[in-house]
Amino acid sequence: MNSDVQIAGDPLAVPHLLPPVPAHPSTVAGFAGLAREIAADRARWAPLVRYDATTRWYHRLHAVPGAPATGHAGQAPAGYEVWLLSWLPGQGSGRHDHGPSSGVLTVLEGELSEHTAGGPRTLKAGAQRVFAPGYVHEVVNDALVPAVSLHVYFPGLTDMPMHGARCAAGASSGAGASRPVAAP
C-alpha cells in the first residue's frame, strides 16, 4: 500500500503550499518569544555586557526597520529593536514611558525592581514584563549585585518621555518632558 507522501508527494517540497515565513514577529507573544530565544543564547549577549559606574550601560543588539507601506488593507509590519542593558547596584532608569512603542523587558541576570502605580515588583532572572505604549514605570537595581536585562521595543524606540517623581506611575497622559531617545 502506498503512503500519502508517495501518492501526493511531500508538501514541504512544494514551496508555494507553505505559509510565508514572517520576516520578524508580528504579535506581542512573538516578541516575547524572540526575547526568550535571545535570552537562552547566552553566547550571543554575555560577551558584550559591560558595566559603567557612572551611568547605565546599554547596547543595541539588533534592529529591524519597519516594512514600507504596501497600499494594501492593514498596517505594514512595524520594525523592532533589541537592547542589552546592565545595571550596577543603585542604578535606575528614572520614571518614564516608551512613547509609541510597546515592549518586552526580560531579566537575564540578577534582579531588578519595577516601580509602577500598582507598587513595586521584583523581577528575578528569567522574568518578563510586557507593556503597551504609554506604560509608565521606573526600573531600578535595588539588589547588591549587578543585573543584566534585554529590552525589545516594537516599533523601534523613538521617544522616551521622562515623568517627574510626583507623576502617577500608571498615567498615560503624556505628562512629563519628552526627549529623543538617548538611553533605553
Kindly sort T116, T54 by accessible area of their heavy atoms, largest first, with the probe set to 1.4 Å. T54, T116
Expected field for H62, accessible surface area in Å² at 1.4 Å probe radius, rounded to 10, holds 70
The FRET efficiency for A46 and A117, from their Cβ-Cβ distance with R0 = 22 Å and rounded to 0.05, is 0.05
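The values are calculated or read from the model by the stated rules, or taken from the named source; none is laboratory data. Not measured: the values here are computed from a predicted model. Cβ sites come from the backbone with ideal geometry, for glycine too, and all protein chains shown count toward neighbours. We work out accessible area using only protein heavy atoms, side chains counted, and drop any ligands, DNA or RNA first. Shrake-Rupley method; radii C 1.70, N 1.55, O 1.52, S 1.80 Å.
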